[in-house]
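The values are calculated or read from the model by the stated rules, or taken from the named source; none is laboratory data. These numbers were taken from a predicted model, which means no experiment stands behind them. Positions of Cβ are backbone-derived with ideal geometry, glycine not excepted, and every protein chain shown enters the neighbour counts. The accessibility values were calculated without ligands, DNA or RNA, using every heavy atom of the protein model including side chains. Shrake-Rupley method; radii C 1.70, N 1.55, O 1.52, S 1.80 Å.
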Amino acid sequence: MSGKRLAVISLIIEDREQSARINAILSDFGDCIVGRMGVPCRERGVSVICVIADAPAETINTMTGRIGMLSGVSAKTLMSKI
């Protein structure tokens with residue numbers, strides 16, 4: 001368990017066309033994902049996904065970076081200090 005961090009990755013998806021790419025990236029990191037919740041905000045035309053991950057900081061940052069590079073997608077991470 002040493003070196004692992006618990007993190008919450010928050011995604012705001014403004015371009016629903018990116019859904020397949022987001023799911024593919026999350027699938028690539030499936031071994032470190034503890035859970036995820038998605039909520040469509042139809043009145044604003046966006047979706048919000050929260051992902052809980054348990055992995056080394058480098059892995060979490062790589063996942064967040066790959067998702068955040070997608071057009072129409074914002075991604076931010078909050079990591080535990082322990």
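Being farther than 15 Å from residue 15 by Cβ and among the hydrophobic types (A, V, I, L, M, F, W, C) is the filter; apply it to the stretch 41-56 and report the residue that is farthest from the chain's Cα centre (by Cα). In this case the residue turns out to be 55. Which of the residues spanning the stretch 53-81 are of a type in the set (Val, Ile, Thr) and in contact (Cβ under 8 Å) with a residue 40 or more places away in the chain? Of everything in the stretch 53-81, those that are of a type in the set (Val, Ile, Thr) and in contact (Cβ under 8 Å) with a residue 40 or more places away in the chain turn out to be 60, 64, 67, 73, 77. Every condition in (1) surrounded by 14 or more Cβ atoms within 10 Å (Cβ to Cβ); (2) over 14 Å from the mean Cα position of the chain (by Cα); (3) among the hydroxyl-bearing types (Ser, Thr, Tyr) is met by residue 59 except one, and the failing one is (2).
The criterion of being within 16 Å of residue 78 (Cβ to Cβ), of a type in the set (A, V, I, L, M, F, W, C) and open to solvent by 50 Å² or more (accessible area, probe 1.4 Å) does not hold for residue 39.
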